[in-house]
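Heads up: the structure comes next, in structure tokens.
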């Protein structure tokens, strides 16, 4: 019941907003804030009550929907998705807090934002792949509308077209993969529990695995921004309203990574053996190429967008390692990066609303006028550099330790790209935006003055520090389920792929 409430509270609130007149702006905003705040509190309760070390699903609920096709509403959490549900709820509340910037069409905006929040929580919690796909699409579709209506910049129409085209193609490819899995498995179900039991007795044929695995890998990979299918992401984030960028870059991208780990790895070990070496090379494209592109950006939002893609490379490296430590680190990065990306775009949104530009050459010295926002920006970029004390450092360190045995040269390249290149563009951004001489044009800008303006930044920073200083809160929950996945992915794997624990 608790998990179902988490999913449907934002969705039912969105339905309630439909009945409220559009000119009741305070009521619309207050109800949205209340719903997302309660959702975040319930997610914290769920995370606190979760029992680490138990591999079975907890807080489950199930109701048959189309029994002839084996489709049912089935939700539950284990160590792999419980922290993702928490992260989505935290970012959802923070995104609602910063939506004060929307001045027109607030009613529709809050309805769409609540659909995204409820949809992505539902996707993470779904144990039936039909509902996983349904909830994920429910969260994705509003993104296209929000960029087209409330987006900013001269390229917003092109960004809307590009992101719609890329994500639709990726979603269709992933859908074909799931349909093929349904047909080829013979289980007459897309329920993860049923599939796991059925495929343990009757594994997919090797040919089917090698065909279906790349559909899921590249279908969901497009949604994540895997190189070379990444070009939609930076411009899409830069053109999106702040709350949309926070949810998409921070949370929605993680659904594709989650599906690869949850579905592709354990059910298709022959596909793992065939495609993981290719993924290892592609992840370097994210880490090195996107990091190099981030270093060349003059717009803060584009820098953050390419940086986000570079961080996704570390997640793919952890997955490619097919190791307990590596995949555990990948999940930790997914949680930490969700919080970091949301914080980054929340801060850039504040700067844009105060200055009307994100061109770093035109900014500078803003720490004098914005001590709180400037401090938060420094903290944010230090976390992005992988500074110890933040969750990002924990995840990246685990990934590199986990990948060292099977992919040592990739780890060397990733460490160089992540630490050196990442450090250059992050420190350069700090110098350009918050330090140095302050242009006269920004003498009238204001800081986040009251507690309500500071709250979203404070919540995200606190979560990053808590998970960075107490990583066992995540790793103790994640490891038992990752161990099962690694064992299943290693089953009958050819010797040419090193699978380590």
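Observations, loosely collected:
- Helices (runs of 4 or more DSSP H) completely within the range 236-286 that count 1 or more residues being in contact with a helix residue (DSSP H, G or I) (Cβ under 8 Å, 6 or more places away or on another chain) and over 24 Å from residue 341 (Cβ atoms): 269-284
- Residues located in the range 335-359, provided they are assigned to a helix (DSSP H, G or I) and over 26 Å from the mean Cα position of the chain (by Cα): 354, 355
Table: residues versus (1) without any contact (Cβ under 8 Å) to a residue 12 or more places away in the chain; (2) more than 27 Å from residue 200 (Cα to Cα); (3) surrounded by fewer than 24 Cβ atoms within 10 Å (Cβ to Cβ).
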| site | (1), (2), (3) |
| --- | --- |
| 233 | no, yes, no |
| 237 | no, yes, no |
| 246 | no, yes, no |
| 262 | no, no, yes |
| 268 | no, no, no |
| 275 | no, no, yes |
| 283 | no, yes, no |
| 288 | no, yes, yes |
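- Any hit, the range 309-327, residues being touching a helix residue (DSSP H, G or I) at 6+ places or on another chain (Cβ under 7 Å), surrounded by fewer than 24 Cβ atoms within 10 Å (Cβ to Cβ) and without any contact (Cβ under 8 Å) to a residue 24 or more places away in the chain: no
- Screening the range 360-471 for helices (runs of 4 or more DSSP H) wholly inside it with 3 or more residues that are surrounded by 22 or more Cβ atoms within 10 Å (Cβ to Cβ) and at pLDDT 85 or above returns the ranges 371-384, 391-404, 422-434, 451-469.
- There is at least one residue in the range 287-305 that is within 16 Å of the chain's Cα centre (by Cα) and within 30 Å of residue 453 (Cβ to Cβ).
- Entirely in the range 1-117, the helices (runs of 4 or more DSSP H) that have 3 or more residues that are touching a residue at least 12 places away in the same chain (Cβ under 8 Å), on the phi < 0 side of the Ramachandran plot and in contact with a strand residue (DSSP E or B) (Cβ under 7 Å, 6 or more places away or on another chain): 2-18
- Residue 258 vs. criteria modelled with pLDDT of 90 or more and under 30 Å from residue 110 (Cα atoms): yes
Table: residues versus (1) over 16 Å from the mean Cα position of the chain (by Cα); (2) surrounded by fewer than 22 Cβ atoms within 10 Å (Cβ to Cβ); (3) under 20 Å from residue 47 (Cβ atoms).
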residue	(1), (2), (3)
91	no, no, yes
95	no, no, yes
100	yes, yes, no
103	yes, yes, no
121	no, no, yes
124	no, no, yes
135	no, no, yes
138	no, yes, no
156	yes, yes, no
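- Taking the listed residues 35, 43, 48, 22, the one that is loosely packed, with under 13 Cβ neighbours inside 10 Å and under 30 Å from residue 105 (Cα atoms) is 22, with no other qualifying.
The values are calculated or read from the model by the stated rules, or taken from the named source; none is laboratory data. Since the structure is predicted, the reported quantities are computational estimates derived from the model, not experimental observations. Neighbour counts are summed over all protein chains in view; Cβ atoms, including those assigned to glycine, are modelled from backbone coordinates with ideal geometry.
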